[in-house]
Structure formats: structure tokens, C-alpha cells
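One structure is given below, encoded as C-alpha cells.
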Amino acid sequence: MIIFGAGSFSKILFLLFEKDFSLQKTGRIIDCFSKINSESKEFWLKNNFQIFNSIDSIKDNIKDENYIVAIGNHYGYERYQIISYLTKRNHSIKKLHHESAFVDKSAFISNEAILMPKATIMPLSRISNGCIVNTAAIIDHEVIIDKGSHIMGSAYIAGRVKVGKWTTIGANSTIFPDLTIGENCFIGAGSIVT
């Protein structure tokens, strides 16, 4: 298992999807974006992970490893670029769709999207590569969420909304139906968009 990102989001994913992280051998963390603080370093070492600052610094065979891109917040572009880099080289991205998430059978969810606990995806919606649908967020019918977007906890996106790539919808926000949210937007927490 190789995880991109060593911050809070990667630790949360590790704890929420623990059974998916059952390690046959030592796991690896790659974090080239930030300095890893001592608390994070201690957490990962305690859980049998080695820490690297780039994929090139891992010397053994990594072709058959599962990857997780655990870069949260508004870093959708970076998340998507890492996923693209890995898939072009035929690496396998681990699917992380929490068992308590509800996904209607007519919805399309990319395997490279992350669904957190109690996320709800209603009929005919589409969630693209590198997206995060966080805890208890509700995506209503026929919503399209483009690459690398992050829908934060308890946000509600009404029917037929289009969310542009690399966009973040803040926690507890409400997006009214039939709207288009552009690319690289940041909708603040608790916002109501009409």
C-alpha cells in the first residue's frame, strides 16, 4: 500500500477504512507537498509505514502496489494530477467508498473518487476522478461533479447542478437546483447559493 499525503486526511482515511489497509508488508507514505510534523511521523511509523518525499525514492518494485491519493482540502488539481500520473503508468488506485455511503444504482462514481461515511448519491448523478464527497454530504439527482472537486461534510447539492473541476463546496453549504458552479471555485462553509 502506498499513500500519497501524510496529513490529517490520510490519517482519517486510514482509520475509517482500516480493513482496506491490512498490510502484508510495510506500507509507504509519500508526501512531497508539506513537511511532515512529528505527530504525523509518529502515527505512520507506529502503523508500520515508511515515509518518502517522492515516488522515485522508493527503490523496490512498486508496480503491484495499491495506491491511495489522500490529499484533502482544496487541492483537487493536485489530487487529480497524481491519479492521472499513476493510471498512465498502470498503477492500481484503491477504491475507497465507505460501506455506510448510499449510492443509487443509476449513479456513476469513479473508482478514484472517495466517498466518506453516510455520503448520499442520488439517481443519475456523476462523480468524477479525484473527487471527495465528505461525511453526510448529499448529492441529489442528476448532479455532475467534475474532476478533483471536494464536497465537504453535510453539504447539500440539489438536483441537476453542475460543479466545475477543482471546486470546493464548504461544509453545511446548500446549492439550489439547476445551477452551474464554475471551475476553481470555493463556496464557503454554510453558504446558500441560489
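Would you pull out the residues with amide H under 5 Å of Leu124's amide H, same chain only if 5 or more places away, H placed 1.01 Å from N?
Ser106, Ala107, Glu142
Computed from these coordinates, which is Cα extents along the principal axes in Å: [x] 87, 36, 28; [y] 50, 32, 28; [z] 51, 39, 28?
Here the calculated entry is [y].
Mind giving me the FRET efficiency for Asp56 and Arg160? R0 is 25 Å, r the Cβ-Cβ distance, nearest 0.05 is fine.
Working: r = 44 Å, r/R0 = 1.76.
Efficiency computed from Cβ-Cβ geometry: 0.05.
Given the rule -39500 (n - 2.57) for each run of at least 4 DSSP H residues, summed and divided by the residues of the chain, what is its mean residue ellipticity at 222 nm, to the nearest 500 deg cm²/dmol? Each step should come with its number before you reach the end.
Working: 3 runs with 31 residues, N = 194.
It comes out at -4500 deg cm²/dmol, rounded to the nearest 500.
At 1.4 Å probe size, what's the solvent-accessible area of Leu179? Round to the nearest 10 Å².
40 Å²
First select every other residue whose beta carbon is under 13 angstrom from the beta carbon of Ser8; then total the charges, Lys and Arg +1, Asp and Glu -1.
Numbers: positive: Lys11; negative: Asp31, Glu39.
Combined, the nearby Lys, Arg, Asp and Glu give -1.
Let me have the relative contact order for the chain, percent, based on Cα pairs under 8 Å that are six or more residues apart. It would help to have the intermediate numbers written out before the result.
Values: 500 pairs, mean separation 24.9, N = 194.
It rounds to 13 percent for the chain.
Measuring with a 1.4 Å probe in the full set of protein chains, what accessible area per residue, in whole Å², belongs to the chain? Intermediate results must be reported in sequence, preceding the final value.
On the way: 9660 Å² over 194 residues.
That works out to 50 Å² per residue.
Round to a whole number: what % of the accessible area of the stretch 36-194 belongs to carbon and sulfur, probe 1.4 Å?
Working: 3810 of 7880 Å².
Answer for the stretch 36-194 is 48 percent, counting heavy atoms of protein chains only.
The values are calculated or read from the model by the stated rules, or taken from the named source; none is laboratory data. Keep in mind that this is a model prediction, so the values were computed, not measured. Don't worry about glycine lacking a Cβ; one is built from the backbone with ideal geometry, like all the others, and counts go over all protein chains shown. The accessibility values were calculated without ligands, DNA or RNA, using every heavy atom of the protein model including side chains. Shrake-Rupley method; radii C 1.70, N 1.55, O 1.52, S 1.80 Å.
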